[in-house]
Each structure stands twice: as C-alpha cells, then as structure tokens.
Amino acid sequence: MNILVCIKQVPDTTEIKINPVTNTLMREGVASIVNPFDSYALELAVRLKEKQGGKVTVISMGPPQAKVALKECLSVGAEEAYLLSDRAFGGSDTLATSYILSSFIKHLEKENGKFDLVMCGKQAIDGDTGQVGPEIAEHLGLAQVTYATDIKVEDDKTLIKRENDQGYDWIQVLTPAVITVTKSVFEPRYATLKSKIAANKAEIEVLNTESIDIDLEKCGLKGSATKVMKSYTPIKDNNGIVIKEETASASVKSLMNLLVDNKVI
Amino acid sequence: MSANLEHKNVWVFIETEYGKEKKVGFELLTPGRKIADTLNQELVAVMFGKDIKNIAKEAISYGADKVILVEDPIFERYSTDAVTNTFMNLVDKYKPNTIFIGATINGRDFGPRVACRLGTGLTADCTEISYDSETNNVKWTRPAFGGNLMADIECPNIRPQMGTVRPGVYKKPLKQENNKGEIIEEKFDIPEDAIRTKIVETIKEISEDINLEEAEIIVSGGRGLGKAENFSYIRDLASALGGAVGSSRAAVDSGWIPHAHQVGQTGKTVAPKIYIACGISGAIQHLAGMSGSDVIIAINKDKDAPIFEVAHYGIVGDLFEVIPVFIKEIEKYKNS
C-alpha cells in the first residue's frame, strides 16, 4: 500500500498560557509537537504498511522549522518526508491550504505513483476546524471517511471503523480515499534511539511554488475565502459558587437550595 | 459583489438519521430566522431522509418559511457522497445566500466538501452568529486552540457563506402550530456507483436510549471514580435526574466506560441544560466539549481543580459521600 500522511506542526495547546496584560496567547517557549491526531493517523498508516507492505510518505505545509516534526515522523515509521514551504502560503485558510496540499499530492503522485490512502488527523489542535482533510478529498475527487479509529484491509476490501453518535460503523470505502483519524486504540509508537539518530540525519526535501505548477491566486490570503476579522481571548466568568460545608450532606443541602432558588431544577 | 446578488435566502440543514432529526437542526432555525429577517429574505429548512414529512411540517412550525425536502431510502443512514451531491444539486438550483449546518460528526464531514466544491468559505464549530452591518456579511464567532482563543470570521466576497454551528448553542424557536409554509419536494436520481462508501456493520456502544448530544441533563464521571464499578454512582445519579451518562477521557482510557460516552476534544461536544462533572479535574480538552452547558455543577475533592473555574455550582467533597446524599435529596424534591 502506498500511503500518504499529511501532518501539521502545532503548539502544544495544553501548555498555552494567556498573557494577563495583553490578553493574548503566549506562544513563546511553548513546545511544538506533531498534531496528536496526525500522530494517530501516522500510527495507523505504519501498521497498515507493516501488514500489507508498501510505503508511508509524510508531507507538511509550514515554515522551515516544521522539518523537526517531519523528522519525528521518520523516526516512527515513515519512509519519506517533504516540507511544503513558501511565503506565498502564509495566511491560508482551509480552502487555500487544502488546494496547496492537494496540488503537491498530485505532484508527488507523478513521481511515486498513486497513493492508495491519503490520511490526516481529524483536526489540528490549534485551528480545530477539521476541514482540510475533506477539502483535500474534494480537490482530488476522492472518497472520504472522517473520524476513523481503525482500518482493516481484507480480501481487497478497505474497511474503516468510524465513530458515530452511539458507537461505531464499519464502512467499506472505495480506494483511493482520504481518511481522517481521531484518537484510536493504537497509541503512537515511540522512536528508538537508533531510529531517532537516523531520522535526524535524514535530509528533508523542501518544495515550494517553483517546484510545481500551482495557481498562486489560490494560495495564501489571496486564495482564502474567509477572513479573520478579530481574535481575542474569551472572557471567563468566575462567578461560580463553590460550596464546602462540614459534611457532604450539608453541602448537598446548600446546593439543592441554590438550584431550587435559581430555578435550575 | 454583483455576482452574489442572485444568491438569496438563509438555509438551515436539518440532519436526519433513521428518519429522526438531530436536535441541532431545529436549534439553528433560531439564528437563521434572525439573519433572514435582517436580510429581509426567507428562512429555508433543507432536509434529506427516509419518510420525514412530519419533520418538514415541524420545521415550519419552528418558523421556516419554506422546506426543501428530499425523501429517499438512501438517506436513512448518512453517506458523504449522497448528501454532498444532493446538497450541491440544490445549491446550484436555488443559490442560497447563507448556509447553516450543525457541527455534528456528519455536518463536519460533508460541510467542507460542499464548501470546497463551491470554492467558498466555511467557518467551523461556531458558537455565535451575528450580522456585520458594515460589511454585510454574517459574522461567525468560533473558538480555536481548544477554547483558549476566540475568532470572528467573515466570508467577504463569495456566496453562499457557510458555517457549521455547535449543538446546544441556540435554543429551538417556540413552536407555533399555525405557522404557514411551503414544502418543496425534490427528487434526484442518485446512481449507486456515485456512492463510494457502504456501511457494513453498526456497533452500538451506548445502551441507554438517551443520546448524549440530545440529552438535557448529563452526569459525567472521571478519574476520581477510581474503578469501573464505581460508574454505578454516575448511572444512579443520572437515572435519578433522567439524564445521560458521560465521561472524561481518563475514564475511557482506563477502560471503565466505552468511548461513545466521552465528552471533550476527542469525544463529543455537548451543551445540556445541566452538566454534572463528578471526579473530573477539568482539563482544557474536557472543557472544550462541555463549557457551553447552561448550568455546570462540579463535584471534586480538590478545591483547586480547574473544573471549578467553569462550574456555576461546585461542591468540594468526596463524590462517594456527596452523590448518594444528592440522589436522596433529588428523590425527596421530586416527591415534594
């Protein structure tokens, strides 16, 4: 199986703090990580490859420092990595981002042959949109399954376990297809010392707008349909009432009184 | 903008499955009405499903001026291709100005596909919708960075403008049985080979009849429960309140309860009338999935737990002592 995984380098949002003076996000000193859902996608891809044979390629669109994230992917089972980096990509919304990624996917397919599966995380933990995967599928004209937690290939059938409101569906999908992955039962593996050293030595090829035929009008701010008018940190109301009486039963009585008085129940 | 003048009316997509609507669809008729009135245009409910004429009539009683109804057995369950293609046929024919879609698993699946095919902007997971009278665009407000940052987003030059909106953010409009509206039935030939996915097996993990996303009361348990058997505390409290059972990621990862119950960034986004978090510390990922609840009640031993920062009411105490008394008090209240 020839599998492509799209990954994004993101700030570790669990570590993000708000600057109390400027009320903005403090990104300085916050570690960059591979988007966790992308790591789950990569783990599923590598497991498939180990069973079926084939190759796993990773790509990422981002600044030069995103090479670090790609190297991390090489250390946990990917064979090849490309960074898509160009000033023209700055300010892209999901429509422009998915156009850029799909343009490079077409380019890579000319050299490497068709990908059977293009995989992404279900969403990145910074933007949280979950739109780039389905939009790549649309640009490439492929079938898609989102919210996947497992993949099985049996007698030429590709089956995807997809979350639904009450549990899961197993969905048979016609390949090539785009699959977006949520947290699965397979935790991403750790790199070994040996694989880490090898990945560090690897050269990551950087591709830009000169590497391929791409419509610059569809990239970056120019190619974006949406515009961020304003961003701000949400106001947290700390008007909550915390009850701590001597006994549990006294606390519950206070709570019940409050709930009844305020017509919650 | 001239090319966009022909785009008219506000569409709300009412998602159905097994012939039943998802709650968020009717909820979106509330902001839909507001935007339609501002634009002086019609509010149109768009729905696909199997035998759903009753849902079409209900949408009118909730204030839709028109319903575009596509009935076909193929829509009993969701598929990306059937919904995307049908939706595109309708957009091409009727050219709406604004489209609201519920930010459900399926809404977030086909929404981007439609937006991309139209080459337009889609704002994901909105928690507020308003109208920017200076730019004449809908202003979509959404959280990012797991809720640490809010952004106001607009789609300036292209119509339709689109957004997915989180369930539970808006209340359903008041039902008015004497509302009048037109139901337009559409039918499209959907060739079987155009559908590239097929559901081969469905596994139900939630045994209760109450769907988490639809529940008005949710009682959730977390790491503080200590072991799987102790979820009985959560179930008992939920059943006393007629609510559904939720959980944090920690409880799911420990194998105490199936993932379908999980609330948070890697689980479900819920916004019930009452959310009771028991033994849940309140990691930002959990908060991202429940902070839109009307009333949040937290029970936790640790007075410094972040859950108390979002809770409207909190009890600092041992949940194993608090919950049994709480159940007794609720029973007493119900009988009073």
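Just so you know, all these numbers are worked out from the coordinates, no wet-lab data involved. Fair warning: this is a prediction, and the values are worked out from it, not measured in the lab. Here the Cβ is made from the backbone with ideal geometry for all residues, glycine too, and neighbour counts use every protein chain on show.
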Connecting every pair of Cα atoms under 10 Å apart in chain B and solving the GNM, the largest mean-square fluctuation among B:D65, B:D193, B:D236 falls on B:D193
Chain A, Gaussian network, Cα under 10 Å: of A:E72, A:E246, A:E80, the residue fluctuating most is A:E246
Output for the stretch A:105-189: chymotrypsin sites (Phe, Trp or Tyr not before Pro) sitting in coil per DSSP, at most 14 other Cβ within 10 Å, listed by number, reads A:F186
In whole Hz, the Karplus estimates of ³J(HN,Hα) for the stretch B:67-83 (6.51, -1.76, 1.60; θ = phi - 60°; x where Gly or Pro) are 10, 9, 10, 10, 9, 6, x, 4, 8, 4, 10, 7, 9, 3, 5, 4, 6
Projected convex hull area of the stretch B:212-335, Cα atoms, direction-averaged, in nm², equals 6.5
Cβ-Cβ cut-off under 14 Å around B:D65, Lys and Arg +1, Asp and Glu -1: the net charge is +3
Nearest-0.05 FRET efficiency for A:K244 and B:D189 at R0 = 51 Å, using Cβ-Cβ distance, is 0.20
Residue by residue through the stretch B:161-167, the couplings from Karplus 6.51 cos²θ - 1.76 cosθ + 1.60 with θ = phi - 60°, in Hz, x for Gly and Pro, are 8, 10, x, 9, 10, 5, x
Expected vector for the stretch B:54-62, Karplus 3J(HN,Hα) from phi with 6.51, -1.76, 1.60 and θ = phi - 60°, integer Hz, x for Gly and Pro, equals 5, 6, 4, 5, 4, 4, 5, 5, 8
Quick calc: nm separation of the 7 Å Cα→Cβ label points for A:N112 and B:S133 -> 5.4
Out of B:D109, B:D92, B:D294, a Gaussian network model of chain B with alpha-carbon springs under 10 Å gives the largest mean-square fluctuation to B:D92
Those helices of chain A passing the 15 Å axial Cα length cut-off and the mean Kyte-Doolittle cut-off of -0.5 (DSSP H runs only) are A:36-52, A:94-112, A:248-261
Per residue of A:172-179, other chain Cβ atoms within 10 Å number on average 2
Expected integer from the mean partner chain Cβ neighbour count at 10 Å over A:119-131 is 5
Restricted to the protein assembly as shown, the DSSP antiparallel beta bridge percent, nearest 5, is 35
Rounded to one decimal in nm, the spacing of the 7 Å Cα→Cβ label points at B:V200 and B:K175 is 4.1
The longest stretch of chain A containing none of the trypsin sites (Lys or Arg not before Pro) that sit in a DSSP loop with at most 15 other Cβ atoms within 10 Å is A:28-113
Computed about the Cα centre, the charge dipole of chain A from +1 Lys/Arg and -1 Asp/Glu charges at the Cβ has a magnitude in debye, to the nearest 20, of 400
With DSSP loop assignment and no more than 15 other C-beta atoms within 10 Å, the trypsin sites (Lys or Arg not before Pro) in the stretch B:127-224 are B:K171, B:K175, B:K180, B:K187
Between A:G220 and residues 5 or more places away or on another chain, the pairs with built amide H atoms under 5 Å apart involve A:S92
At the level of C-alpha centres, the distance separating the stretch A:107-128 and the stretch B:288-314, in angstrom, is 38
Checked against a 26 Å limit on the C-alpha separation, the offending pairs among B:K34/B:K180; A:K106/A:K196; A:K67/A:K114; B:K22/B:K273 are A:K106/A:K196
Taking Cα atoms only, Rg over Rh for chain A with Rh from the Kirkwood formula is 1.08
Taking the convex hull of the alpha-carbon atoms of the stretch B:2-194 and averaging its shadow over every direction gives an area in square nanometres of 10.7
Going through A:K49/A:K161; A:K17/B:K268; A:K161/B:K50 one by one, the pairs whose alpha carbons sit over 22 Å apart turn out to be A:K17/B:K268; A:K161/B:K50
Reduced to Cα centres, the span from the stretch B:59-80 to the stretch A:44-73 in Å works out to 41
The equivalent-ellipsoid semi-axes of chain B, taken as the square roots of five times the Cα gyration tensor eigenvalues and listed largest first in whole Å, are 38, 22, 19
Surrounding charge for A:K51, neighbours by C-beta under 12 angstrom, Lys/Arg +1, Asp/Glu -1, total +1
As straight-line cross-link partners of B:K332, the qualifying aspartates and glutamates (C-alpha separation under 18 Å, not fewer than 8 residues apart within one chain) are A:D261, B:D236, B:E321
Its Cα gyration tensor gives the protein assembly as shown an equivalent ellipsoid whose semi-axes in whole Å, largest first, are 37, 31, 24
Spelling it out for A:D150: with amide H atoms placed in the peptide plane at 1.01 Å from N, the residues 5 or more places away or on another chain with amide H under 5 Å from its amide H are A:K161
For B:323-333, B:14-24, ranked highest to lowest by mean beta-carbon neighbours within 10 Å, the order is B:14-24, B:323-333
Cα pairs beyond 17 Å in the stretch A:197-265, in percent, come to 75
